[in-house]
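The values are calculated or read from the model by the stated rules, or taken from the named source; none is laboratory data. Everything numeric here is computed off the predicted structure, so don't read it as measured data. All Cβ positions, even for glycine, are placed from backbone atoms using ideal geometry, and neighbour counts span all protein chains on display. Heads up: the accessible areas ignore ligands, DNA and RNA and are worked out on the full protein's heavy atoms, side chains in. Shrake-Rupley method; radii C 1.70, N 1.55, O 1.52, S 1.80 Å.
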Amino acid sequence: MALEAGLILFVVFAILLILGMPIAISVAASSICTLLLVVPFDIAVFTSAQKMVSSLNSFSLVAIPFFVLSGIIMNGGGIAEKLVNFAMLFVGRVPGGLAHTNILGNALFGSMSSSAIAASTAIGGVLIPQQVKAGYDRKFATAANIASAPTGMVIPPSTAFIMYSLVAGGASISSLFLGGYLVGALWALSIMLVAFVHAKKHHYKTIDRSELGSVGTVLKEALPSVMLIVIIIGGILSGLFTAIEASAIAVAYSLIIAMFFYKTVTVKDIPTMLKDAVLTTGTIAFLLATSSMMSFAMAFTGIPQAISAAILGLTSNKYIILLMVNLVLLVVGMFMDVGPAIMIFTPIFLPVVTSVGVDPVHFGLFAIMNLCVGSITPPVGSGLYVGASVGGVKAEKMLRPLVPFYIAIMLVLLAITYFPQLVMWLPNLAS
């Protein structure tokens with residue numbers, strides 16, 4: 001029965017997506033069709049509706065609207081240029097300084113906006129023209145921007161970790177957040193190493209200190225924004241507040257600095273920001289609700305157990321299993337957004353990896369990184385096409401310049417998969 005249910009679930013889901021149906025609707029419809037294999041239509045619909053409602057009855061979900069609103073406030077606060085200048089202070093004088101600034105800027109801005117597309121557009125839009133003007137190869141500058149754009153998606157505050165925690169049955173959000181900082185840092189550093197080697201080889205000039213302006217002014221303008229990250233990680237590590245409480249603090253802090261320090265947000269802007277936050281949160285909540293239907297349908301028909309048995313039947317080697325899971329998630333990330341992929345594939349692969357001794361927090365870290373990498377990987381990765389457009393280069397011409405960056409990112413992915421202490425020492429320290 002599990003085989004038949006799996007075929008119905010994924011075939012119906014794929015057909016609906018091909019026909020252009022929204023992902024949430026496709027998930028709901030395919031889940032009901034799967035349940036019809038074992039229960040009557042009225043029971044399938046009634047049970048699915050129950051699961052949709054009950055799945056949203058979780059205190060952890062309170063953090064999502066707050067972090068979404070915080071990102072909207074920071075994104076509308078005009079902080080991109082300030083973060084660029086801040087990044088230049090630290091990496092501007094390193095060979096390839098403008099590329100390093102792009103990478104660091106994407107990590108900082110992406111973590112605040114929770115959007116790789118926003119980071120790629122805002123930071124890359126400013127720095128790619130500067131790099132070309134300074135003599136950098138346009139394709140290289142565009143590749144550095146594309147490769148670093150998703151780093152902010154694994155650096156908290158990130159709604160992806162909250163969604164994963166919910167589906168994974170309560171994996172610690174605080175631990176995921178702390179591990180996410182390390183994943184994002186390793187990702188950014190690996191790309192910066194590639195940029196450094198390329199810059200040395202091609203003798204790209206560094207940024208002169210005089211070009212940066214007053215250090216005091218740059219710090220004064222940027223530090224309030226950067227402090228948001230410091231406050232969140234510091235508060236969680238010190239035990240002053242939980243990750244969920246941090247979401248409310250992030251909103252209050254973002255609003256205060258945007259209104260009274262940067263003065264880029266006024267009282268008149270707040271209703272629009274609240275409306276945008278409600279729309280975004282509603283989309284996420286509906287996706288969460290329908291995905292819970294799919295999780296229930298899979299569990300009720302035994303699909304995860306069947307897949308787990310099939311994988312474990314092929315091999316019991318932990319390292320081969322992790323490689324297989326990574327490859328599948330990488331391909332999934334090419335075709336599907338991070339949120340839906342987390343909701344659909346976590347119930348399938350979490351039992352598999354935990355059966356060979358993988359910590360659920362560790363799995364969440366490398367699984368989400370995998371899906372983020374897929375977003376900048378051909379043939380469908382949306383981040384690749386947006387980044388190429390920002391750089392003014394055709395996407396098909398970006399594959400060769402991106403190869404060194406892909407290699408560096410994959411090495412980091414394999415490292416955090418097979419050497420969990422690289423990203424688990426901080427969560428373990430706080431637990």
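The residues of the range 89-140 that are among the aromatic types (Phe, Trp, Tyr), surrounded by 20 or more Cβ atoms within 10 Å (Cβ to Cβ) and farther than 15 Å from Gly71 by Cα, listed by number, are Tyr136, Phe140. The set of residues in the range 312-361 being among the β-branched types (Val, Ile, Thr) and in a loop (DSSP other than H, G, I, E, B) consists of Thr315, Val356, Val358. In the range 141-159, of all residues being open to solvent by 10 Å² or more (accessible area, probe 1.4 Å) and hydrophobic (A, V, I, L, M, F, W, C), the one that is farthest from Ile376 (Cα to Cα) corresponds to Ile155. Determine whether Ala299 is open to solvent by 20 Å² or more (accessible area, probe 1.4 Å) and among the aliphatic types (A, V, I, L, M). Criteria met by Ala299. Among the residues making up the range 263-294, those that are more than 29 Å from Ser48 (Cβ to Cβ) and either in contact with an Asp or Glu (Cβ under 8 Å, 6 or more places away or on another chain) or free of Cβ contacts under 8 Å to residues at least 40 places away in the same chain (or both) are Lys263, Thr266, Val267, Lys268, Ile270, Pro271, Thr272, Lys275. Condition first: hydrophobic (A, V, I, L, M, F, W, C) and either buried (at least 18 other Cβ atoms within 10 Å of the Cβ) or within 30 Å of Ser30 (Cβ to Cβ) (or both). Now tell me which residues in the range 274-296 satisfy that. Selection gives Ala277, Val278, Leu279, Ile284, Ala285, Phe286, Leu287, Leu288, Ala289, Met293, Met294, Phe296.
Of all residues being of a type in the set (Gly, Ala, Ser) and within 22 Å of Gln305 (Cα to Cα) in the range 1-28, which is surrounded by the fewest Cβ atoms within 10 Å (Cβ to Cβ)? Just the residue, please. Among them, the one singled out is Ala14.
In the range 56-85, the residue that is nearest to Leu287 (Cα to Cα) out of those that are over 22 Å from the mean Cα position of the chain (by Cα) and surrounded by 17 or more Cβ atoms within 10 Å (Cβ to Cβ) is Lys82.
Restricting attention to the range 414-431 and to residues that are touching a residue at least 12 places away in the same chain (Cβ under 8 Å) and outside any helix (DSSP H, G or I), the residue that is least open to solvent (accessible area, probe 1.4 Å) turns out to be Pro420.
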